[in-house]
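What follows is calculated from the coordinates using simple rules that are stated; it is not laboratory data. All of these numbers come straight from a predicted model, not from anything done at the bench. Cβ: placed from backbone, ideal geometry, glycine included. Neighbour counts: every protein chain shown.
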Amino acid sequence: MKKTLHPLWAVGLALAATLAQAASDAVLRVESSEPRAYGYRVGDHVQRQVVVHVPEGWRLDEATLPRPGGRGQALELRQVARRTVEGGRRLELDLDYQVFLAPANVRTVEIAPLRLRFAGASRIEEVLVEAWPVTISPLVPVQAPTRRGYGELQPDKPPPLIDTSEARRRLEVFAAVAALLLAWLAVVHLGPPWAAARNRPFGVAWRRLRGLAANPAEAPWREACVQLHEALNRSAGEVLFERGLEAFVARQPAFAAVRDDLARFLQMSRAEFFGGAARQPDDGAWLRALCRRCRDAERGIA
């Protein structure tokens, strides 16, 4: 007859299994994902991942974490990325190394080992991450082959010369045609307006008066007044007197800026020709400036 297991024995076995599981969970365990050990040259990056399973209640000694640096070494630790998951029971370290060695021949170096210290409730323990070999290859062989065309550095080959005479001739022809077209456009579009501006009443008067002296003699002074009167009459389309000045300015608002000076000129002219009044000092310079301002107003640039 088969004997049955006493219930106390079953409870004991379950308790033993639980204690064994708890004991295994209370042990620090480290795993590392190693990079390939070959095929590196100067400047390449080497990544290594370290995973530490940390029992509950244990704390990492931050001072034992690796720090970026290591100038002058074959492998320099450039970056350390740290993550804590599973409520602090899993510590992940991503270590990024860069190769700074350029050997003449293939050479094997080691990623330095790491020791991480953890503190528990009653003791302190360290976990060791073993060193790992890395093989570094030279960039170029020590000696270049002796075959023709190799060896020491050769001077650059000069670029082939291209005959550009035909292209230059075409550019010269195009430039000449473009210059002729521009000249024709200037004559067509700028010539008539320029000629019309020069032949407007005050444009003609200005060419005749711009050489007038500041204090001209009686004859040149009277001739200058006549020229300015003719320009006013041509612009107004009638003989312009003082009483018609306001109507003239209303028809041609561009002359509003010189209205007062035109009124003064008409008074001076009437006094000169009909009243025999004395002349003002520098009247030639004033009349010349008035004519230039009227020319500018005529062109719309006053």
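May I ask you to sort W206, W58 by Cβ crowding, counting other Cβ atoms within 10 Å and putting the fewest first?
Values: W206 22, W58 19.
So the ranking, lowest neighbour count to highest, is W58, W206.
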**OP:** List the residues whose amide H sits under 5 Å from the amide H of V46, counting only those 5 or more places along or on another chain, with H placed 1.01 Å from N in the peptide plane.
**Re:** Y97, Q98, V99
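What order do you get for 168-181, 75-88 when each peptide is scored by the mean count of other beta carbon atoms within 10 Å, highest first?
Final packing ranking: 75-88, 168-181.
Can you sort I301, I124 from fewest to most other Cβ atoms within 10 Å of each residue's own Cβ?
Details: I301 8, I124 11.
Starting with the residue having the fewest Cβ neighbours, the order is I301, I124.
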Original post:
When the convex hull of the C-alpha atoms of the stretch 27-136 is computed, what volume per residue in Å³ does it have?
Top reply: 89
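So, counting K/R as plus one and D/E as minus one, what does the shell of residues with Cβ under 13 Å around P66 add up to? The partial results should precede the final answer.
Details: positive: R48, R67, R78, R82, R115, R117; negative: D61, E62, E76, D94, D96.
With Lys, Arg at +1 and Asp, Glu at -1, the net is +1.
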Original post:
Rounded, prolate or oblate: which one fits the stretch 198-299, using the alpha carbon gyration tensor with axes a ≥ b ≥ c (rounded when a/c is under 1.5, else prolate when a/b beats b/c, else oblate)?
Top reply: oblate
Subject >> Hz values of 3J(HN,Hα) by residue in the stretch 46-54 - Karplus curve (6.51, -1.76, 1.60), Gly and Pro given as x >> reply: 10, 9, 9, 10, 10, 10, 10, 8, 10
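By how many nm would the segment from V42 to Q73 grow when fully extended, if each residue of separation counts as 0.36 nm and the alpha-carbon distance is taken off?
On the way: separation 31, 0.36 × 31 = 11.16 nm, distance 1.19 nm.
Fully extending the segment from V42 to Q73 adds 10.0 nm.
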Original post:
For the residues L93, L28, what sequence is obtained by ranking on other C-beta atoms within 10 Å, fewest first?
Top reply: L28, L93
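List the relative contact order of the stretch 198-299 as a percent without decimals, with contacts defined as Cα pairs under 8 Å and 6+ residues apart. Before the final figure, lay out the partial values.
On the way: 81 pairs, mean separation 44.9, N = 102.
Value for the stretch 198-299: 44 percent.
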